[in-house]
Every structure is written in C-alpha cells, then in structure tokens.
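One structure is given here, and the rest of the page talks about it.
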Amino acid sequence: GYISARGAPATPHDLINHFGLLTAPGAETWHLVSDTGVAVAAKPIRRMMANESIALIKAAIAGLGLTCLPSSICASAIRSGDLVRVLPGWSAGTVTTTLLMPHRRGQLPSVRAVVEFLSDQLPRSVN
C-alpha cells in the first residue's frame, strides 16, 4: 500500500522523501552498497522505531513506510506479495549472529538443544 500511495524510490537518494521504519535511534541513516560497490548513506524520514523485526515487517505491510531488514527475515512476506523489495541493486550489508555461552560441562540439556537447533538453522560464515 505504501508503494502504491508514495511510489518506490528509484535511487538511495530518494529515501529522504520516504518514511522509514527504523531499528534503533542510532540507525537513522541507512548505509547502502550497490552491486557495483558504490557506498551511499541515506536518511529516510523517521516515522517509527522498533527493535523487533516482526513489528517492523507488520508496520511495513500496514503501509507505514519502508524498512531495512535482512532478506531472510522478509523472504516470506516478499514471496507472498505482502512486501515489495525496493532498490534491488542495493544492500545494507550483512547480519552477524554470535552465541556466547559457558563451557559445555554442566550445561542443561534444554540449553544444548537450543544451541544445536540454532547451529543447524543459521547459515555458517565462510572465513
């Protein structure tokens, strides 16, 4: 609905005229990189801030604005047509997930099960 009403940005510089659904107070500027390696900083108009991805997705689906989230989180909403990817030649980088925990000895079986589940579900870094 938002794209129908306001149009899609053609370039990252167009984001200054669009409402942004932001992840944190320090994330008001989106740092985007093109497929060709060009880096651009863009600052949409702050409309909403939430540190929870599902809340941002629902706000975007409701037509409140554009949000910048990992494609893996938005994939099902994009496949269903509830969300539309804008600026397809641009990305905002990657997300790193780190799990810190004490030594395995004495670890509860439930904790070990969650760690194993996350390890199986999350893609591994190739370093």
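The values are calculated or read from the model by the stated rules, or taken from the named source; none is laboratory data. Please read these numbers as outputs of a predicted model, since none were measured by experiment. Glycine also receives a Cβ, built like all others from the backbone with ideal geometry; neighbour counts cover every protein chain displayed. Note: areas computed on protein heavy atoms with side chains; ligands, DNA, RNA excluded. Shrake-Rupley method; radii C 1.70, N 1.55, O 1.52, S 1.80 Å.
Arrange the residues 119, 4 by how much accessible surface each exposes, largest first, with a 1.4 angstrom probe.
In descending accessible area the options line up as 4, 119.
Let me check against my output: what whole-number percent is the relative contact order of the chain, with C-alpha pairs under 8 Å and at least 6 apart?
Normalised by residue count, the contact order of the chain is 26 percent.
Give me a comma-separated list of calculated 3J(HN,Hα) values for region 49-59, in order, Karplus coefficients 6.51, -1.76, 1.60 applied at θ = phi - 60°, integers in Hz, x for any Gly or Pro.
Listing the rounded values in order: 9, 8, 9, 10, 4, 5, 4, 5, 4, 5, 5 Hz.
For 120, 14, 82, give me the order by solvent-accessible area with a 1.4 Å probe, most accessible first, ignoring ligands, DNA and RNA.
Descending accessible area places them as 120, 82, 14.
Please list, by residue number, every one of the trypsin sites (Lys or Arg not before Pro) in region 7-65 that is coil in DSSP and has at most 12 other beta-carbon atoms within 10 Å.
none
For a Förster distance of 41 Å, can you work out the FRET efficiency between the beta-carbons of residue 35 and residue 101, rounded to the nearest 0.05?
That gives a FRET efficiency of 0.65.
Take 114, 86, 33 and sort them by solvent-accessible surface of the protein heavy atoms, 1.4 Å probe, largest at the top.
Descending accessible area places them as 114, 33, 86.
For residue 114 paired with residue 17, estimate the spin-label separation in nm (one decimal), with each label point 7 Å from Cα along the Cα-to-Cβ line.
Here the answer is 4.7 nm between the modelled labels.
How far is helix 109-121 tilted, in degrees, relative to the longest principal axis of the Cα atoms in the chain, given as a value from 0 to 90 rounded to the nearest 10?
For 109-121 against the chain, the angle is about 40 degrees.
For n ≥ 4 DSSP H runs only, could you compute -39500 (n - 2.57) per run for the chain, divide by its residues and tell me the 222 nm figure to the nearest 500?
Value at 222 nm, helices only: -8500 deg cm²/dmol.
Rounded to the nearest whole Å³, what is the per residue volume of the convex hull around the Cα atoms of region 1-70?
86 Å³
When DSSP beta bridges are limited to those with both residues in the chain, what percentage is antiparallel, rounded to the nearest 5?
Of those bridges, close to 50 percent are antiparallel.
What FRET efficiency comes out for residue 94 versus residue 51 if R0 is 22 angstrom and r is the Cβ-Cβ distance? Round to the nearest 0.05.
Efficiency for this residue pair is about 0.75.
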